[in-house]
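The values are calculated or read from the model by the stated rules, or taken from the named source; none is laboratory data. Note that the coordinates shown come from a computational prediction; the quantities given were computed from them, not determined experimentally. Virtual Cβ from ideal backbone geometry, glycine too; neighbours counted across all protein chains shown. Accessible surface areas use protein heavy atoms only, side chains included; no ligands, DNA or RNA. Shrake-Rupley method; radii C 1.70, N 1.55, O 1.52, S 1.80 Å.
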Amino acid sequence: MFELLLTSFPVIIRYFQLKRRGEALTVWNMRTAVLIWAVLAFLLFLVIFYFHPKSYSGIVPFRTISVVAQASGPVTELPVRNGQRVEPGDLLFRVDSRSQQAALAQAEAEFAKISAAETKAGETLKVAQFSVVEATASLEKLRVDLENAQTLVSRNVGTRDAVRELEASVAMAQAALESAEAQVGLAQTDISESLPAQRRAAEAVLESAKVAVDQTEVRSYSGGVVTQLAMSVGSPASTLILSPAMVIIPDRPEGWPVRTIAGFSQVARGTIYDGMPAEIACDSNVSLSFRNAVLPARVVAVQPAISTGQIVPGGRLLDPADMLRRGSILVYLELEYPEHEKIMLDGSGCLIQTYTSNLPGFLGHVIAATGVIKAVGLRIKVWGSLVSGVGLAGGGGH
């Protein structure tokens, strides 16, 4: 409408020319003026729409957390409800843990057996060491007796049978000493290697059993609001991520700006740039007062790829003919004033209007000034969204 008014001067001038000459106002007399008007209007439309691209696909994205059970079993406790706010560490639900508790008790018993075996091994080592001392003393005594018997034989006082008996006794005492030393080595090996390895294995089993018990309690890792709660006490808990027990809408991290994303035509790639001024009009902010219905913003990033060209692993060969619909350029926008972030509703659908303001020279200023037409048009569209939203234009109004 505004474009037609701005370019209608050839028709107006021709009209006054014909009126001054007293000629009749006919289509033939106005043909040149109308043609010039149409060409100028088309060029103005082209300039405005090219340098000030808009998008109807704007949205305020947000994250969700799918909550699933880590252990199967019937739900025994469900302290949360839909719409309830939870904080990190709050219990969401509890699953029957009898089998996990039994496994934990068994693991604790095995761990206690290892502790008892360590105590027993220490006592066994002491006994073996005492045996070594006893065998050593016995061997020394027999060696002295053997030396005395050999001395007596050399003086023709003793008998060789006594010497042979003592030699056999010394050999037996030596074997007993070696056996006692082997028992000490075995006990030391148990204490330094075997039992520590068994303890580590028992500790791992015990820790695994404790984790299994902990997994029967599902707690929140983030503060947020519970929604889509799809279980009750007694219902089986699902461990499939595709069928979560509930969904949590987490709080936005402190310091993270509220971003809006929008898809623009690929033709707009040469116009959109980082820092480009824009306006955001979300349906959830529309009101009769028109207050905060249109919010100033800026382009902060442009995704360097278009999703329709993405190749993912698969056994089917891609056919470009299956991608006839052109993908859009994904653009990220942030509000110019942080105080407006609190009125942005996550998931809102928005109209996005951008304005080119980086062109140099007089022509650049003229092109930037034409953005006023788009700004007025955006506000008219906002009123149209209000009329449509309340149901006056049909559809799902209230």
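What the table below lists for this structure:
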{"read-out": "Single residue of the stretch 209-220 satisfying the filter (open to solvent by 70 Å² or more (accessible area, probe 1.4 Å) and in a helix (DSSP H, G or I)) that is nearest to Glu110 (Cα to Cα)", "value": "Lys210"}
{"read-out": "Residue in the stretch 364-380 that is on the phi < 0 side of the Ramachandran plot, buried (at least 16 other Cβ atoms within 10 Å of the Cβ) and within 37 Å of the chain's Cα centre (by Cα) present", "value": "yes"}
{"read-out": "Residue tally, condition surrounded by fewer than 18 Cβ atoms within 10 Å (Cβ to Cβ), of a type in the set (Phe, Trp, Tyr) and modelled with pLDDT of 90 or more, over the stretch 231-286", "value": "1"}
{"read-out": "Exclusive hit being open to solvent by less than 60 Å² (accessible area, probe 1.4 Å), within 29 Å of Thr356 (Cβ to Cβ) and modelled with pLDDT of 70 or more, set Ala41, Ala33", "value": "Ala41"}
{"read-out": "Filtered residues of the stretch 78-137 (kept if buried (at least 18 other Cβ atoms within 10 Å of the Cβ) and not in a helix (DSSP H, G or I))", "value": "Leu78, Val80, Val86, Leu92, Phe93, Arg94, Val95, Asp96, Ser97"}
